[in-house]
Amino acid sequence: MDHGALVLIEIGALILGIGLLSRLAAWMGISPIPLILLGGLAFGEGGLIPFSAGEEFIEIGAEIGVILLLLMLGLEYTAQELVGNLKGSRTAGLIDMLLNAAPGALIALLLGWGPVAAVAMAGITWVSSSGVIAKVLQDLGRLTNRETPVVLSILVIEDFAMAFYLPVLTALLIGTSLVTGTISVVIALLSVVLILYIALRHGRFVSRLVWSKEADVLLLSVLGLGLLVSGLAAGANVSSAVGAFLVGIAISGPAAKHAQRVLTPLRDLFAAVFFLFIGLSTDTRELVPMIVPAILLAIVGMGTKLLTGYYAARRAGIAEPGRWRAGFALMPRGEFSIVIAGLAVAAGVDRSLAALATAYVLITMVVGPLLARIPDAERFKAATRRIQANRRAREAAA
Amino acid sequence: MPAHVERTELPGIGVRHDIVTDQGRRLSVLNLRDGGREIALADEDDPDRASETIELNDDEAIALSEVLGGSLILTQLAGLREQVAGLSIEQIPVRADSPFVGRPLGDTKARTRTRCSIVAIVRETEVLPAPGPADLLRSGDTLVAVGTRDGLDHLVRIVGGS
């Protein structure tokens, strides 16, 4: 069989396989991402069946997948929403960062991976998965709950913080000496601020530039602009993902709404390829020794998210049960953690980092949405009501 | 006094509007970005939480808003009266002895003779918004008319048959 035919067969089988896994995930009522990661693990290096011919497609597809994930995330938000949330929930965002970045950074240092890997791991444990959490909130009928804006604003701030974190991480990963490293960090941050300024002040101009009533024209313009800016950003060492994210933010109004509609199928395809790629390139032999650290890290990481949500909801004046709901809802990590791990490993950080991140995301993504149901249990509700009543009684006595 | 409606942006999801009723219940309407909508009623024991969430499709939402809105038009018009100076609203009864019972609305020539607009006809519990000149008037109807004070007084006399 010639090479072309083999590539088609492999890619076709893979995409069909992803389709089956997604179907299974839908039937189980969970996000398809963990199943796709597991599927990738089974077929990748050290897995059951090695995989070769379609590698090039998977690699480029995975890169486009990251760009599309961030482009779509940017399209969800307007620059005004981001800045508004940043003003309103700054403290909660800061607490979230400190509490949740610490466990990752610590474990990287304990495992002896060095300070750069510690920065990467900090990001991996910090960022919750806005995609998974939004889905969980919807599934549990919590969109109209009063703690939901608190949860969402933490997610928005995390996503926004990524626009600054990713370029810094990229610069650190590349940076050789302190001086060149500092220079590239400064250049990276300046580019982010510049693009953000354009998005805030001239977002309407960018939207008009890509706007078209024809779906195909809009698709090509937005995708083209996203890839182009990503490439330029990567060239300036800002990280391609951030370039795409900022393009998404700059596009607003009807252009963003329609672009979201036309890009969703593409995003679904390439994001799946990206998750598969991460699974494929994670060696199962590296994964096994990481299972125990990943479980410990997941327990700590979910605990710190619980604290974050509880604290943020309390600050917003939410009563006892709602605080627990906010805490439990924030637990799942997802696409961003994998993106960070992918970046780090591509730049030559210890490959076990990807294995740890993959296991960590797998656990939090499967366990998190299950735990999110706890606060709805009758026994839990009764317990929180008792706590609240006791507290009121104490306050009344004092 | 108008009810207090609180608007909350849910980034990436949509917009939520909350109304807290006199009895302290919170009613939320959620407009999703993708065009869907939900209404939810807050739990009495835990007001932060929705105890029941109902998804509405376009037709159901329209039907619900019509059922609620029909009875509200009059209240809203009453509010308008206070907002626009020089413009008044009058509810004009069509009595059984009116010359226009059984005749189309157009026969009153309200617009040309008095420069008033008849914006709705209230018939028993039903409201006909924006009636056309061909709509027949019945005894017992109430015409809701907007215009200047003088024009409305004139229209009251015309409809009354004097």
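Multiply the residue separation of A:Gln80 and A:Ala393 by 0.36 nm, subtract the distance between their alpha-carbon atoms, and state the gained length in nm to one decimal.
108.4 nm
Take B:Leu68 and A:Glu55, extend 7 Å from each Cα along the Cα→Cβ direction, and tell me the distance between the two endpoints in nm.
Between B:Leu68 and A:Glu55, the simple spin-label model gives 6.1 nm.
Tell me, what is the FRET efficiency for B:Ala3 and B:Glu55 to the nearest 0.05, using R0 = 25 angstrom and their Cβ-Cβ distance as r?
So the FRET efficiency works out to roughly 0.60.
Just to check I understand the Karplus step: with θ = phi - 60° and J = 6.51 cos²θ - 1.76 cosθ + 1.60, what whole-Hz values come out for the range A:303-309, glycine and proline as x?
x, 5, 5, 4, 4, 4, x
Under the rule a/c < 1.5 gives rounded, and otherwise a/b versus b/c splits prolate from oblate, where does the protein assembly as shown land using the Cα gyration tensor?
Here the protein assembly as shown falls in the prolate category.
Below 8 Å between Cα atoms, with a sequence gap of 6+, how large is the relative contact order for chain B in percent?
Taking the mean separation of contacting Cα pairs over the length of chain B, I get 16 percent.
Taking R0 as 41 Å, what FRET efficiency do you get between A:Ile198 and A:Ala382 from their Cβ-Cβ distance, rounded to the nearest 0.05?
That gives a FRET efficiency of 0.20.
Over the Cα atoms of the range A:211-315, Rg to Rh with Kirkwood Rh, two decimal places?
1.12
Could you give the length gained by full extension between B:Glu44 and B:Arg138, i.e. 0.36 nm per residue of separation minus their alpha carbon distance, to one decimal place?
Full-extension gain reported as 29.2 nm.
Report the FRET efficiency, 1/(1 + (r/R0)^6), for B:Leu128 and B:Asp107, where r is their Cβ-Cβ distance and R0 is 22 Å, rounded to 0.05.
Efficiency, rounded to the nearest 0.05: 0.85.
Rounded, prolate or oblate for the range A:240-377? Axes are the square roots of the Cα gyration tensor eigenvalues, ordered a ≥ b ≥ c, and the cut-off for rounded is a/c under 1.5.
It comes out oblate by the Cα gyration axes.
List, largest first, the extents of the alpha carbons of chain B along their principal axes, each in whole Å.
Sorted from largest, the Cα extents of chain B read 61, 32, 29 Å.
How big is the accessible area of A:Lys87 in square angstrom, nearest 10, if you roll a 1.4 angstrom probe over the protein chains?
Result for A:Lys87: roughly 140 Å² accessible.
Pairs to check: A:Lys87/A:Lys305; A:Lys87/A:Lys135; A:Lys213/A:Lys305. Give those whose C-alpha atoms are more than 32 Å from each other in this structure.
In this structure, A:Lys213/A:Lys305 exceed 32 Å between Cα atoms.
Per-residue HN-Hα couplings for the range B:128-137, Karplus 6.51 cos²θ - 1.76 cosθ + 1.60 at θ = phi - 60°, whole Hz, x for Gly and Pro?
9, x, 6, x, x, x, 8, 5, 7, 8
Roughly speaking, what % of Cα-Cα pairs in the range A:1-132 are separated by over 24 Å, rounded to a whole number?
Cα-Cα pairs in the range A:1-132 separated by more than 24 Å: 54 percent.
Would you please give the residues with an amide H less than 5 Å from that of B:Asp43, counting only those at least 5 places away or on a separate chain, with H modeled from the backbone geometry?
HN-HN under 5 Å from B:Asp43: B:Arg49, B:Ala50, B:Ser51.
Could you order B:Thr125, B:Thr8, B:Thr112 by accessible surface area, starting with the largest, using a probe radius of 1.4 Å?
From most accessible down to least: B:Thr125, B:Thr112, B:Thr8.
What distance in nm separates the two pseudo spin-label positions at A:Ile299 and A:Ala215, each 7 Å out from Cα along the beta-carbon direction?
5.0
Hey, if you put +1 on the Cβ of every Lys and Arg and -1 on every Asp and Glu Cβ in chain A, which of A:Ile33, A:Val83, A:Ile107 ends up farthest toward the positive end of that dipole?
A:Val83
Along the range A:259-267, what does the Karplus equation 6.51 cos²θ - 1.76 cosθ + 1.60 (θ = phi - 60°) give for ³J(HN,Hα), rounded to whole Hz, x for Gly and Pro?
Each residue of the range A:259-267 in turn: 4, 4, 5, 6, 8, 3, x, 5, 4 Hz.
The values are calculated or read from the model by the stated rules, or taken from the named source; none is laboratory data. Quantities reported herein were computed from a predicted structural model and do not represent experimental measurements. Positions of Cβ are generated from backbone atoms using ideal geometry, with glycine treated the same way; all protein chains shown enter the neighbour counts. In case anyone asks, the SASA skips ligands and DNA or RNA and just uses the protein heavy atoms, side chains included. Shrake-Rupley method; radii C 1.70, N 1.55, O 1.52, S 1.80 Å.
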